Amino acid sequence: MSEPSKEVNRHTIAVLVDNEPGVLARVIGLFSGRGYNIESLTVAETDHAAGLSRITIVTTGTPMIIEQIKAQLGRLVPVHKVADLTLDGPYVERELALVKVVGKGEKRVESLRIADTFRARAVDSSNNSFVFEIVGAASKIDAFIELMQPLGLTEVSRTGAAAISRGNKPI
Amino acid sequence: MAKKKMQGAEIVIEALKEQGVTEIFGYPGGAVLPLYDAIFNQNAIRHILVRQEGGAVHAAEGYARSTGKVGVVLVTSGPGATNAVTGLTDALMDSIPIVCLTGQVPTHLIGNDAFQECDTTGITRPCTKHNYLVKDVNDLAAVVHEAFHVARSGRPGPVVIDLPKDVVMALGNYQEAGTAAAEKYSPRVKGDQSAITEAVRLLGQAKKPIIYAGGGVINSGPKASKLLGDLVKLTGAPCTLTLMGLGAYPASDKQFVGMLGMHGTYEANLAMHDCDVMLCVGARFDDRITGRLDAFSPGSKKIHIDIDPSSINKNVPVDVPIVGDVGSVLADMVRKWKAAKPKQDKAALKKWWGQIDQWRARKCLAFEQKGEIIKPQHAIRRLFELTQGRETFITTEVGQHQMWAAQYYNFDKPNHWMTSGGLGTMGYGLPAAMGVQIAHPDALVVDIAGEASTLMNIQEMSSIAQYRLPVKIFILNNEYMGMVRQWQELLHGGRYSESYMESLPDFVKLAESFHAAGLRATKASELDDVIKEMIAIDGPVIADIAIDKAENCFPMIPSGAAHNEMLLGPNDKANKPISEEGMVLV
């Protein structure tokens, strides 16, 4: 067979799992034990009646590694479904970040102005600080944080990615 | 009508019975006392008391591998569970179905660093196929049923059920095995039909085919071995087996080219390297098999049948992947081959066999037994010849003797060869032999051992005595950790750091102290008599065979080398120094 591609790509993988103790440890243990990357990982119950949680993992690897990751996830007993959103077609990916910026005067005004262009909301303010809430793709949040850096950025809390395919079909 | 409530421990035993369990291997302790009480009060399940929990898991592995049933283990919390970890990992690597029940401190003490507490599910998560911590007595039966289903379905493996003491003491309801487990976990069994058709087409057109089969064929059951044989005959292709696959195809057949891999035959490895179509059946392109990956069988189309999708394209990219049970896929292949009647290139196949015969003519496994120093190859060969005509099961420890056993003891049937392949666990063979003998009380069970490995689980001699198991421990004694010594010779300038076995016990006296017979052969002329006597003695025997201390395992693909860079013997080694990348490999 022809030499497989060595190109490293970023993939967003959605995993439906039984919401039971230890399931997250199984997934994380799989990644650490086999040396795969985790760029971000988000998990919460999404179907209470069926007892299902959805884990969204952003990872990187060559096509062979990505295939391995999906196969390894698929063979965990509490895993119901593994979907590679990056491969399966267009999808929407969003992340939420809370960004604390401390400053006064012109810097404070500038931070508000930038927040406005990014459609970030101030969800808390004191006389020398803001907490902005920003939602978007990871790259947008990266850009926002970078711009806040000289304006008194002091703390960031990010959720990691949540993602879903476009169109009418579920994964 | 409401069912009568049962105690948790009784529920566990009842569920084991429903799963068809007749023997369990275990060791009691505080957290499992209620379970041992329940065992005491019944006769359907026999408990085999081991001497260390690690021995229990290996015994269950031998039991499972030789019967096709799930092996069952019962150990206590804390050290009971941690001692079982090596065996569980071994079973995971070699895909052996095991259910291991571990005691646990009562639920209200979990996390409190209680006496003999450990995080069993945490510790065993990466070394089991799946594990459970049962917190409600009413879940017990369903969990046990599910555990057996998971252990034996798909790619088999070990499953741990952690049982807090209060849960097994509480009263609850029994639940019969239903379909719930199968609904929750149902790996694909039937292969993709178009891929199977393509595989048949490729094999039909092949000029230089090879069929490379492994432990998956054994796991799929004796029928899969039969179908493998049918396919080999239909295609006229050479067949090679991995260490775990020995017995899946008869070694005595002329289409068998021997084991492949690091200590495989010259003809098997060169045929793998030069083939144009490779059919891999229930094997996983492990590093012991492939040698240097970028030089592995460069010109071939590869077809891979495996029940575990994660085995496909893991190490070696394949052209036709077929996910499914080996037995089911082979049945489809045989059927499609018979229907399609492919027009094979007979001239090309004849030429291919001519080439294979030339490789065979190198006689890579030849050895010379001269004088009175016993060659290990000769010892195995004689053991093989003198045990013919009787039902014989062979287990091994890990090291040189294991490779010699694989090379010189020929297996014609599946399930008769028990060895630690993936994990390479020294100390596996003796307890495994105990488990095999429990399952096959009338068969001859021989642990082909090294003196170093044997000592790793020697305590199980006491269990062997207790149950009057006529297990034979056949020690190839070279007073070295032989494989370590061999690598030190090849890779580290002959600096034999810590590989000499100082102060060995007198194995004859050791045998006697364990109520077994002890025999010894130090000269070639004594060997046959010792083997015959060992077989004749109606009871456990340790046969201490003093072998040539300097003998190495050949042929050998040195680490970091390709299939066609094999060393055939000691005189070969100067040709090419082992590369730096090779030095790093294990």
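The values are calculated or read from the model by the stated rules, or taken from the named source; none is laboratory data. If you're wondering where the values come from, they're calculated on a predicted model, not measured in any experiment. Neighbour counts are summed over all protein chains in view; Cβ atoms, including those assigned to glycine, are modelled from backbone coordinates with ideal geometry. For accessibility, only protein heavy atoms count, side chains too; no ligands or nucleic acids. Shrake-Rupley method; radii C 1.70, N 1.55, O 1.52, S 1.80 Å.
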### Message
From the list B:Lys184, B:Lys190, B:Lys226, exactly one residue is under 20 Å from B:Gly327 (Cβ atoms), among the basic types (Lys, Arg) and free of Cβ contacts under 8 Å to residues at least 40 places away in the same chain. Which is it?
### Response
B:Lys226
### Task
Taking only segment B:204-238 into account, find how many residues are over 12 Å from B:Trp337 (Cβ atoms), assigned to a helix (DSSP H, G or I) and in contact with a Cys (Cβ under 8 Å, 6 or more places away or on another chain).
1
### Task
Kindly list the number of the only condition in (1) within 14 Å of another protein chain (Cβ to nearest Cβ); (2) more than 17 Å from the chain's Cα centre (by Cα) that fails for A:Arg108.
(1)
### Query
Consider B:Ala64 against the criteria (1) more than 20 Å from the chain's Cα centre (by Cα); (2) of a type outside the set (Ser, Thr, Tyr); (3) open to solvent by less than 60 Å² (accessible area, probe 1.4 Å); (4) away from every other protein chain (no Cβ under 14 Å): it satisfies all of them except one. Which criterion is unmet?
(1)
### Query
Name the residues in segment B:87-130 that are more than 14 Å from chain A (Cβ to nearest Cβ), part of a helix (DSSP H, G or I) and surrounded by 20 or more Cβ atoms within 10 Å (Cβ to Cβ), would you?
B:Gly87, B:Leu88, B:Asp90, B:Ala91, B:Asp94
### Message
Taking the conditions exactly as written (among the small types (Gly, Ala, Ser), within 12 Å of chain B (Cβ to nearest Cβ) and open to solvent by 20 Å² or more (accessible area, probe 1.4 Å)), does A:Ser32 satisfy them or not?
### Response
yes
### Hey, A:Ala44 within 14 Å of chain B (Cβ to nearest Cβ), open to solvent by 30 Å² or more (accessible area, probe 1.4 Å), within 26 Å of B:Asp119 (Cα to Cα) and at pLDDT 95 or above or not
no
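Yes or no: segment B:347-361 includes at least one residue that is part of a loop (DSSP other than H, G, I, E, B) and either open to solvent by 60 Å² or more (accessible area, probe 1.4 Å) or in contact (Cβ under 8 Å) with a residue 24 or more places away in the chain (or both).
If we filter segment B:347-361 for residues that are part of a loop (DSSP other than H, G, I, E, B), which is where we start, we get B:361.
Then keep just the ones that are either open to solvent by 60 Å² or more (accessible area, probe 1.4 Å) or in contact (Cβ under 8 Å) with a residue 24 or more places away in the chain (or both); that gives B:361.
Looking through segment B:347-361, at least one residue is part of a loop (DSSP other than H, G, I, E, B) and either open to solvent by 60 Å² or more (accessible area, probe 1.4 Å) or in contact (Cβ under 8 Å) with a residue 24 or more places away in the chain (or both).
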### Qualifying positions in segment B:144-195 - under 28 Å from the mean Cα position of the chain (by Cα), under 30 Å from B:Lys336 (Cβ atoms), away from chain A (no Cβ under 13 Å) and among the hydrophobic types (A, V, I, L, M, F, W, C)
B:Val189
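Conditions tested, residue by residue: (1) part of a helix (DSSP H, G or I); (2) more than 18 Å from the chain's Cα centre (by Cα); (3) away from chain B (no Cβ under 13 Å); (4) over 23 Å from B:Asp308 (Cα atoms).
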{"position": "A:Ile38", "(1), (2), (3), (4)": "no, no, yes, yes"}
{"position": "A:Gln68", "(1), (2), (3), (4)": "yes, yes, no, no"}
{"position": "A:Leu76", "(1), (2), (3), (4)": "no, yes, no, no"}
{"position": "A:His80", "(1), (2), (3), (4)": "no, yes, no, no"}
### Query
Hey, does segment B:484-495 have a residue that's closer than 28 Å to B:Ala251 by Cα, in contact with a Lys or Arg (Cβ under 9 Å, 6 or more places away or on another chain) and open to solvent by less than 40 Å² (accessible area, probe 1.4 Å)?
no
### Query
Considering segment A:69-86 alone, what residues qualify as being basic (Lys, Arg) and farther than 20 Å from B:Glu146 by Cα?
A:Lys70
## Note on the structure
Checked segment B:419-446 for anything assigned to a strand (DSSP E or B) and open to solvent by less than 10 Å² (accessible area, probe 1.4 Å); matches are B:Val445, B:Val446
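Conditions (1) touching a helix residue (DSSP H, G or I) at 6+ places or on another chain (Cβ under 6 Å); (2) surrounded by 15 or more Cβ atoms within 10 Å (Cβ to Cβ); (3) of a type in the set (D, E, K, R); (4) closer than 22 Å to B:Gln369 by Cα, marked per residue:
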residue: B:Tyr467; (1), (2), (3), (4): no, yes, no, no
residue: B:Val471; (1), (2), (3), (4): yes, yes, no, no
residue: B:Ile475; (1), (2), (3), (4): yes, yes, no, yes
residue: B:Phe507; (1), (2), (3), (4): no, yes, no, no
residue: B:Leu510; (1), (2), (3), (4): no, yes, no, no
residue: B:Gly518; (1), (2), (3), (4): yes, yes, no, no
residue: B:Gly539; (1), (2), (3), (4): no, no, no, no
residue: B:Ala543; (1), (2), (3), (4): yes, yes, no, yes
### Message
Name the residue that is farthest from B:Gly389 (Cα to Cα), counting only residues in segment B:436-451 that are over 17 Å from the mean Cα position of the chain (by Cα) and touching a residue at least 60 places away in the same chain (Cβ under 8 Å).
### Response
B:Glu451
